[in-house]
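Chemist: Take this structure, written in structure tokens, and hold onto it; I'll ask about it next.
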């Protein structure tokens, strides 16, 4: 989602499934399994990071070190290569790695749409008394004989847990909706106990400056999303921004220490009907009421502004019309790290709540608690929906007068500080250009055996629409995934 949702979560879902379907039915040739894995890029693992797990995190006694990587999704290939034969070697001792179950996690059941490299996890149970003093690890494959030294990220494990909510935003790709992300960030700024982690591949210059401003006031951490090493064809065999975001969710969670996490698109807002309680206190209150619940889920509702007159008074933001969100039926959650090993788009990831092409149609709420819609909801402000004229009696106020005045003052200060003249509009032009481009390149994607969820083929069409800032341009923070 460019954000994965912005370009909009549902646009991306539509693009992913419609384009992949067209790729499948338009392909007249069957590609042999051996041919699909013959390329060295597809035989490699591409690691992002290894982390020392904070002691206050779930299962930290059984998994002191975790790693995240991109790897092939053909399960028979995984078994053939015996990817599970990975060890951390410390002196003369070997500690076996345990990978995620690739039969049920993110991997699609069929890979004839050429998306072969997907996110995976591996963990090692190195005794804490040894692991806590490590600064790097030696990864060894007893199957291939390969060995490599990787740095170990110990920041989270050596930090006190943040008591607020950390929000992980799906990777932003050719994102340029300045007004949308301003409203999103100001909503979290109002909460007071929140930190926003944003990964990006490409941002319009005005959005980049905006995010650097919020980074300066300690609300946002802005990180360039790592990519595959240049050369080879690994980049073309993986989704650009949709499911690959799970790689960054893991980094978001294990790269910092916090008690509460949420994955949010920038067109989504948690809304509590009681204005006298903040979100963090609301979660803590219900966590005490339901101590066995591991996450707290909000049902999603589309919102459309009643007032469509966009200006710096922000009067348009006071009242919205609500309608049922039939696409995002799983809503969004606040996840407790003391009770969950991983976060996901909608809820924590485990075998009961599978994501990807293999997920069950029946969402299992038994581990979590969904708030009644009369108490709290998720407001879904889709760009192609938020200004629709909706004839519905379900209207609510989402912005008090005091909040509106604060928004006006923050907007004025920000404009003066950044000295930019961004139009006061919801930019949606990238959505239309990308959709048209992908539609026109279906056959080209098929012939070149490029992943149908990879949007880099549209780079030339998009690059002149804005002045873009690319992740690779950050010389201090950007790095490539490490081949193993």
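Here, each number is a calculation from the coordinates, and none is a lab measurement. Here the structure is a predicted model, which is why all the values come from computation and not from measurement. Neighbour counts run over all protein chains shown; Cβ positions are idealised from the backbone, glycine included.
Chemist: Give me the distance in nm between label points sitting 7 Å out from Cα along the Cα-to-Cβ direction at residue 433 and residue 323, one decimal.
Modeler: 2.9 nm
Chemist: Same structure again: Based on the alpha carbons, how large is the Rg to Rh ratio for the stretch 365-484 when Rh follows Kirkwood?
Modeler: On the way: Rg = 21.3 Å, Rh = 20.2 Å.
Checking Rg against Rh, the ratio lands at 1.06.
Chemist: In what sequence do 189, 415, 292 fall when counting other Cβ within 10 Å, fewest first?
Modeler: Placing the least packed residue first, the sequence is 292, 415, 189.
Chemist: Taking only the alpha-carbon positions of the stretch 150-232 and ignoring solvent, what does the Debye formula give for the base-10 log of I(q)/I(0) at q = 0.10, 0.15, 0.17, 0.19 Å⁻¹?
Modeler: Reported log10 I(q)/I(0), two decimals: -0.30, -0.64, -0.78, -0.92.
Chemist: Most exposed first by the Cβ proxy, i.e. fewest other Cβ within 10 Å, how do 116, 346 rank?
Modeler: The order, fewest Cβ neighbours first, is 346, 116.
Chemist: Which order results if 405, 152, 45 are arranged by neighbouring Cβ count within 10 Å, fewest first?
Modeler: The order, fewest Cβ neighbours first, is 405, 152, 45.
Chemist: Further question: Just to verify a number: FRET efficiency for residue 384 and residue 218, C-beta to C-beta distance, R0 = 45 Å, to 0.05?
Modeler: Efficiency, from the Cβ-Cβ distance: 0.85.
Chemist: Mark the label point 7 Å from the Cα of residue 163 along Cα→Cβ and return the residues of the stretch 251-284 whose backbone N is within less than 18 Å of it.
Modeler: Hits in the stretch 251-284 for residue 163 at 18 Å: 257-261, 277-284.
Chemist: How long are the semi-axes of the equivalent ellipsoid of the stretch 250-349, defined as square roots of 5 times the Cα gyration tensor eigenvalues? Whole Å, largest first.
Modeler: So the three semi-axes of the stretch 250-349 are 28, 16, 14 Å.
Chemist: Based on the alpha-carbon gyration tensor of the stretch 418-484 and its eigenvalue square roots a ≥ b ≥ c, which shape applies: rounded if a/c is under 1.5, prolate if not and a/b is larger than b/c, or oblate?
Modeler: Oblate, since a/c reaches 1.5 and b/c is not below a/b.
Chemist: Using a/c under 1.5 as the rounded threshold, could you call the stretch 121-279 rounded, prolate or oblate? The axes a ≥ b ≥ c are square roots of the C-alpha gyration tensor eigenvalues, and prolate needs a/b larger than b/c, oblate otherwise.
Modeler: Cα axes put the stretch 121-279 in the oblate bin.
Chemist: Okay, which of the stretch 214-234 sit inside 11 Å, backbone N to the point 7 Å along the Cα-Cβ direction of residue 472?
Modeler: 227-231
Chemist: Per residue, how big is the convex hull around the C-alpha atoms of the stretch 362-411? Give it to me in cubic angstrom, could you?
Modeler: 183 Å³
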